[in-house]
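Questions regarding the structure given below will be posed in turn.
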Amino acid sequence: MSAASVLLVDDERDFVSAMTKRLTKRDLEVSNAFDGLEALEALSKDDRIEVVILDVKMPGMSGVETLREIKRRYPLVEVIMLTGYATIETAIEGMKLGAYDYLIKPCEMDELLGKVGEALEKRRKHQNKILEARTREVIQRRET
């Protein structure tokens, strides 16, 4: 199985730099974006990105707005929301919009890696189901 390709989105550059190093050491391919628009641009340019780790509080386009747009444009991409300012309302809204999970900063690296692994597994299962359905469709067309 190929290494997970992750997009880390946060406006705190020091946090992004430190997390990128830590995630890369654990055999993840990590891309960075520093706001919602950059995240959407990165996703449009790299179809290998499977999981987005997304900060909730960012200037401009919020994490929730970014999540909404990611799920609209790239429904198979799994999103893990991260925030230093946890509120139940934001967590519920994020989950309703399709976030895979919601973690509070600072989170344990093992916990984050576990969530990335689970999100990756979910995405790959969905991809396989779609591929199987398309394969069945092609076979059925050929048989008729």
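Less than 19 Å from a label point 7 Å out along the Cα-to-Cβ axis of Arg26: which backbone N atoms in region 95-134 qualify, by residue?
Once the point is set 7 Å along Cα→Cβ of Arg26, 100-124 turn out to lie under 19 Å by backbone N, inside region 95-134.
Next up: Hey, quick one: spin label on Arg124, modelled 7 Å out along Cα-Cβ, who in region 65-82 has an amide N within reach, i.e. under 20 Å?
Answer for this model: 75-80.
Shape verdict for region 1-48, please, from the Cα gyration tensor: rounded (a/c under 1.5), prolate (a/b greater than b/c) or oblate.
Here region 1-48 falls in the oblate category.
Separate question: Which value in nm describes the separation of the simple spin-label points at Lys96 and Arg73, placed 7 Å from the Cα toward the beta carbon?
Using points 7 Å along Cα→Cβ, the separation is 2.4 nm.
Would you mind checking the radius of gyration and Dmax of region 39-128 based on alpha-carbon positions, in Å?
12.4, 36
Given H placed 1.01 Å from N in the peptide plane, which residues other than close sequence neighbours of Val30 have an amide H under 5 Å from its amide H?
Val6
Calculated from DSSP H runs of 4 or more alone, at -39500 (n - 2.57) each and per residue, what is the 222 nm mean residue ellipticity of the chain, nearest 500?
Roughly -17500 deg cm²/dmol at 222 nm, from the helical runs in the chain.
Post the alpha-carbon centroid distance, region 1-24 to region 102-144, in whole angstrom.
20
A short reminder: the numbers here are calculations on the coordinates, not readings from a lab. Model, not experiment: these values are computed from the prediction. Backbone-built Cβ (ideal geometry, glycine too); neighbour counts: all protein chains shown.
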